[in-house]
1. For the subset of the stretch 169-178 comprising residues that are in contact with a strand residue (DSSP E or B) (Cβ under 9 Å, 6 or more places away or on another chain) and assigned to a helix (DSSP H, G or I), which member is surrounded by the most Cβ atoms within 10 Å (Cβ to Cβ)?
2. Of everything in the stretch 179-201, what is outside any loop (DSSP other than H, G, I, E, B) and touching a helix residue (DSSP H, G or I) at 6+ places or on another chain (Cβ under 9 Å)? Give them in sequence order.
3. Go through (1) in a loop (DSSP other than H, G, I, E, B); (2) more than 30 Å from residue 33 (Cα to Cα); (3) within 20 Å of the chain's Cα centre (by Cα) one by one and return the number of the condition residue 118 breaks.
4. If I filter the stretch 154-168 down to residues being in contact with a helix residue (DSSP H, G or I) (Cβ under 6 Å, 6 or more places away or on another chain) and over 13 Å from residue 136 (Cα atoms), which single residue comes out as surrounded by the fewest Cβ atoms within 10 Å (Cβ to Cβ)?
């Protein structure tokens with residue numbers, strides 16, 4: 001049986017087919033709810049269940065018991081079992097659609113014992129319209145992605161990444177040390193809904209550790225030239 005989802009505080013509503021996730025139905029209706037992993041682990045698609053009921057095929061890792069008790073759910077895994085009213089973030093329609101490119105390696109430099117700065121150059125004419133804070137997927141030979149946040153602001157197609165070496169990591173221990181300037185990597189970007197909303201004037205406190213500094217660095221650098 002299909003169910004109707006209404007998004008609180010908006011004019012958006014859509015129908016979820018049987019055995020379809022709330023996120024899948026929203027995207028099918030061209031309503032871009034905030035999301036990233038689509039596997040229930042990152043928590044980006046968290047929403048407030050205001051009215052109605054949902055279930056999961058299995059408990060999602062990205063939602064704590066405390067959050068669930070407070071009425072939150074994950075759209076990528078939630079299967080509505082009734083009509084529902086939800087409070088969920090809708091992404092800006094101005095976000096660029098992800099695209100695949102062959103990026104050239106421009107530099108591979110050690111920043112510390114286990115962190116490397118990888119600099120890539122997108123092909124001439126390729127769109128580099130990402131928002132500071134977003135990330136890129138580097139696609140391995142088998143098609144599996146490795147995700148890294150941009151550590152720089154959009155700059156003529158040149159992008160920096162801070163990559164931490166993971167013991168046994170297929171990319172960080174296997175591929176990365178062998179890369180040389182001029183080689184190419186298959187990349188997909190821009191991705192992610194973590195970026196500064198310029199129409200949101202609430203105070204911000206930015207905290208980061210390790211390579212988690214990369215997206216924060218990108219956001220802060222973008223603000224240096226912002227007159228506001």
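A short reminder: the numbers here are calculations on the coordinates, not readings from a lab. Just so it is clear, the model here is predicted, and its values are computed rather than measured. Here the Cβ is made from the backbone with ideal geometry for all residues, glycine too, and neighbour counts use every protein chain on show.
1. Only one residue tops the list, namely 172.
2. Result: 185, single match.
3. So the condition that residue 118 fails would be (1).
4. Looking at residues that are in contact with a helix residue (DSSP H, G or I) (Cβ under 6 Å, 6 or more places away or on another chain) and over 13 Å from residue 136 (Cα atoms), I get 166.
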